[in-house]
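*Asks:* I have a structure I would like to understand better, so I am pasting it below and will then ask my questions one at a time.
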Amino acid sequence: MTAATTKTQQEQWMVENQVFQIFDLFADLPRNAKSALVELQRDNHLEYLTKGLKRLDPSFCVLDANRPWLCYWILHSIALLGDYVEHEVEDNVVDFLSRCQDPNGGYGGGPGQARKSSILWQDHLPHLATTYAAVNALITVGGERSLSSINRWSVMFEVSHFCNSAYWSHFEPNDMDSEIFCREKVYMFLKRMKQPSGAFRMHDAGEIDVRACYTAISVASVLNILDDELIQNVGDYILSTHSKEGTDSGVALGLCTYPGHELRHHIDLKVYPSCQTYEGGISGEPGAEAHGGYTFCGFATMILINEVNRLDLAGLLDWVAFRQGREGGFQGRTNKLVDSCYSFWQGGAFALLQRLHAILDEQLVNYSPQTGVASDISGGEESSDGVDDKTCHFKLGGTNASCPVNLNSIGYNFVKQPGEMEALYHRWALQQYILLCAQDMKGGLKDKPGKHRDFYHTCYSLSGLSLSQHSWSQDEDTPPLPNAVMGPYANLLERTHPLFNVVLDQYYEAHEFFDTP
């Protein structure tokens with residue numbers, strides 16, 4: 001008796017058939033024709049992106065609450081291609097994002113998208129996701145005007161709100177260190193989103209998930225305002241080591257956690273399942289399904305708060321490796337279709353693992369044949385050298401990461417550390433999928449064959465392509481060899497920071513700009 005096929009299987013076979021037809025056609029072409037097909041259509045992509053930054057079709061009204069994201073996706077894609085926009089357009093972007101700011105910190109989805117809170121100000125319902133996008137977009141634009149614009153319009157509101165008129169009369173606006181005030185506003189917004197569990201809300205009364213943790217921690221890190229208060233219990237939320245009185249619903253639902261943080265069954269104790277699932281990937285919230293986007297967010301967050309050794313990296317590596325399919329691209333979840341955006345979300349996890357070889361090797365040495373996973377080596381106990389392993393666990397920039405750790409230097413030191421381990425995925429196959437199956441020859445990139453191009457997939461396909469090309473390099477100063485780049489060497493993109501996903505040159509400029517007390 002033949003088992004009936006499922007809809008999931010049928011859709012998978014259909015996509016594979018489309019992709020393999022493209023590959024078969026490519027294989028039968030003469031060499032010159034092959035070179036043309038795998039050439040990155042740089043000029044067409046730039047034309048598509050530049051037009052989108054100036055004017056969008058009315059169909060984009062459905063993304064009206066995501067306008068800072070559109071700025072980021074387009075600007076970052078242009079930067080990856082090694083180009084930039086005109087100064088007038090840059091100024092327009094800075095002015096537009098300034099109008100998306102809330103007077104109390106953070107960025108909303110667009111100007112005027114909220115209730116009026118006073119005659120002078122509108123509350124734009126600041127959101128962590130659009131705050132992340134706006135900050136990354138402004139960093140990508142670069143320059144003093146762009147970087148100093150982050151919440152600059154809130155400076156006078158902040159001081160006048162908290163100071164009496166007598167105190168206020170002693171100051172002129174030019175006398176103040178507006179940059180510090182601006183970052184303090186962002187900091188207060190992040191603190192308002194912070195929850196007792198250690199997690200963050202996306203916005204007031206909004207959802208709590210790993211994405212919120214990443215966007216908050218990423219923004220704080222790149223603006224040099226990350227501190228112990230912001231990172232407190234974030235790792236505990238992601239690994240859900242907290243508990244409270246109640247029924248053991250996690251056990252009742254049959255939810256699993258990764259070894260070392262198993263559910264302890266007690267009739268009066270409710271222990272939450274971990275965001276890192278039994279598969280090894282990371283879910284959006286405790287007990288949900290592992291997902292590529294949330295895996296990157298959770299993984300990057302744990303690095304930035306200096307607690308990455310608490311993750312089961314061996315399990316994470318196993319899960320993400322099996323997300324690369326026969327098509328060469330990545331899927332976001334088990335039994336899902338290939339999607340070019342996961343070239344970054346899953347490929348980015350490999351880029352992070354490359355620089356964590358020491359921790360990964362240690363976990364593999366402690367691999368337990370009984371459970372099939374790495375044993376828990378990070379419960380906060382002292383290591384053999386007497387250092388608290390929960391907070392001091394890996395070397396960055398060639399120096400021992402001794403306590404206390406400078407949290408705001410982790411992102412900088414991380415990218416300076418050479419990737420001494422080979423990327424454990426098929427980089428050539430990924431590049432082939434992006435160039436042959438996701439690239440629209442008229443400009444822009446798409447999810448998969450049969451789909452339409454869009455700015456989101458253009459951004460994350462190019463980001464994943466960049467990581468793949470540069471994954472052969474031992475350090476940032478060494479350009480990739482020609483055999484690391486599929487197609488002509490002119491396909492080589494700018495290097496992006498694997499934690500923040502902004503082009504390195506722009507990241508370094510922002511790091512220097514915000515590197516003040």
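The values are calculated or read from the model by the stated rules, or taken from the named source; none is laboratory data. This structure is a prediction, so every number in the text was calculated from the model and none was measured. Cβ placement follows ideal geometry from the backbone for every residue including glycine, while neighbour counts extend to all protein chains displayed. SASA here: full protein model, heavy atoms, side chains in, ligands and nucleic acids out. Shrake-Rupley method; radii C 1.70, N 1.55, O 1.52, S 1.80 Å.
*Asks:* In region 24-50, how many residues are open to solvent by 30 Å² or more (accessible area, probe 1.4 Å), within 15 Å of ALA490 (Cβ to Cβ) and in a loop (DSSP other than H, G, I, E, B)?
*Replies:* Matching residues across region 24-50 total 2.
*Asks:* For region 318-336, give me each residue that is of a type in the set (Gly, Ala, Ser) and crowded, with 18+ Cβ neighbours inside 10 Å. Show your work before the answer.
*Replies:* Step one: of region 318-336, the residues of a type in the set (Gly, Ala, Ser) are 321, 325, 328-329, 332.
The answer is GLY325, GLY328, GLY329, GLY332.
*Asks:* Cβ contacts < 6 Å: first residue at positive phi, restricted to region 72-94; second residue at pLDDT 95 or above and surrounded by 15 or more Cβ atoms within 10 Å (Cβ to Cβ), any location; separation 6+ or different chain. Result?
*Replies:* GLY82/GLU494
*Asks:* Also: So GLY235 ticks every box in (1) surrounded by fewer than 17 Cβ atoms within 10 Å (Cβ to Cβ); (2) modelled with pLDDT of 95 or more; (3) in contact with an Asp or Glu (Cβ under 6 Å, 6 or more places away or on another chain) but one. Which box is left unticked?
*Replies:* (1)
*Asks:* Given the criteria within 25 Å of TYR214 (Cβ to Cβ) and in contact with a helix residue (DSSP H, G or I) (Cβ under 9 Å, 6 or more places away or on another chain), does TYR433 qualify?
*Replies:* Working: within 25 Å of TYR214 (Cβ to Cβ): no; in contact with a helix residue (DSSP H, G or I) (Cβ under 9 Å, 6 or more places away or on another chain): yes.
Considered against the rule, which asks whether it is within 25 Å of TYR214 (Cβ to Cβ) and in contact with a helix residue (DSSP H, G or I) (Cβ under 9 Å, 6 or more places away or on another chain), TYR433 comes out as no.
*Asks:* Residue check: is TRP345 open to solvent by 10 Å² or more (accessible area, probe 1.4 Å) and at pLDDT 95 or above?
*Replies:* On the way: open to solvent by 10 Å² or more (accessible area, probe 1.4 Å): yes; at pLDDT 95 or above: yes.
Yes, satisfied.
*Asks:* Would you be able to tell me the number of residues in region 88-130 that are among the hydroxyl-bearing types (Ser, Thr, Tyr) and at pLDDT 95 or above? Before you say what the answer is, go through the steps one by one.
*Replies:* Going through region 88-130, the residues among the hydroxyl-bearing types (Ser, Thr, Tyr) turn out to be 98, 107, 117-118, 130.
Now narrow it down to the ones that are at pLDDT 95 or above: 130.
So the answer is 1.
*Asks:* Taking region 77-90, which residues are out of contact with any strand residue (DSSP E or B) (no Cβ under 7 Å at 6 or more places or on another chain) and in a helix (DSSP H, G or I)? Walk me through how you get there before you give the answer.
*Replies:* Here is the first cut: in region 77-90, the ones out of contact with any strand residue (DSSP E or B) (no Cβ under 7 Å at 6 or more places or on another chain) are 77-78, 81-90.
Of everything in region 77-90, those that are out of contact with any strand residue (DSSP E or B) (no Cβ under 7 Å at 6 or more places or on another chain) and in a helix (DSSP H, G or I) turn out to be SER77, ILE78, HIS87, GLU88, VAL89, GLU90.
*Asks:* Could you figure out which of (1) modelled with pLDDT of 85 or more; (2) hydroxyl-bearing (Ser, Thr, Tyr); (3) in contact with a Ser or Thr (Cβ under 7 Å, 6 or more places away or on another chain); (4) not in a helix (DSSP H, G or I) isn't true of TYR294?
*Replies:* TYR294 satisfies every listed condition except (4).
*Asks:* Moving on. Would you point out the residue of region 51-77, among those that are open to solvent by less than 50 Å² (accessible area, probe 1.4 Å) and of a type in the set (Phe, Trp, Tyr), that is nearest to ASN136 (Cα to Cα)?
*Replies:* Checked region 51-77; the qualifying residue nearest to ASN136 (Cα to Cα) is TYR72.
*Asks:* What are the residue pairs meeting all of these: first residue in region 219-237, first residue more than 16 Å from GLY411 (Cα to Cα) and aromatic (Phe, Trp, Tyr), second residue at pLDDT 95 or above and part of a helix (DSSP H, G or I), Cβ atoms under 9 Å, and 6 or more apart or on different chains?
*Replies:* TYR237/VAL210; TYR237/CYS213
*Asks:* Here's something else I'd like to know. How about region 1-36: which of its residues are among the aliphatic types (A, V, I, L, M) and within 30 Å of the chain's Cα centre (by Cα)? Reasoning before the result, please.
*Replies:* Pass one, region 1-36, residues among the aliphatic types (A, V, I, L, M): 1, 3-4, 14-15, 19, 22, 25, 27, 29, 33, 36.
Residues satisfying the conditions are VAL15, VAL19.
*Asks:* Of (1) surrounded by fewer than 20 Cβ atoms within 10 Å (Cβ to Cβ); (2) within 16 Å of ALA438 (Cβ to Cβ); (3) acidic (Asp, Glu), ASP339 satisfies all except one. Which?
*Replies:* (1)
*Asks:* A further question follows. Are there any pairs, at least 6 apart or on different chains, whose C-beta atoms fall under 6 Å, with the first in region 490-517 and free of Cβ contacts under 8 Å to residues at least 40 places away in the same chain and the second assigned to a helix (DSSP H, G or I) and crowded, with 20+ Cβ neighbours inside 10 Å, and if so, which?
*Replies:* Pairs that qualify, where the first residue is free of Cβ contacts under 8 Å to residues at least 40 places away in the same chain and the partner is assigned to a helix (DSSP H, G or I) and crowded, with 20+ Cβ neighbours inside 10 Å, are LEU492/GLN469; ARG495/HIS470.
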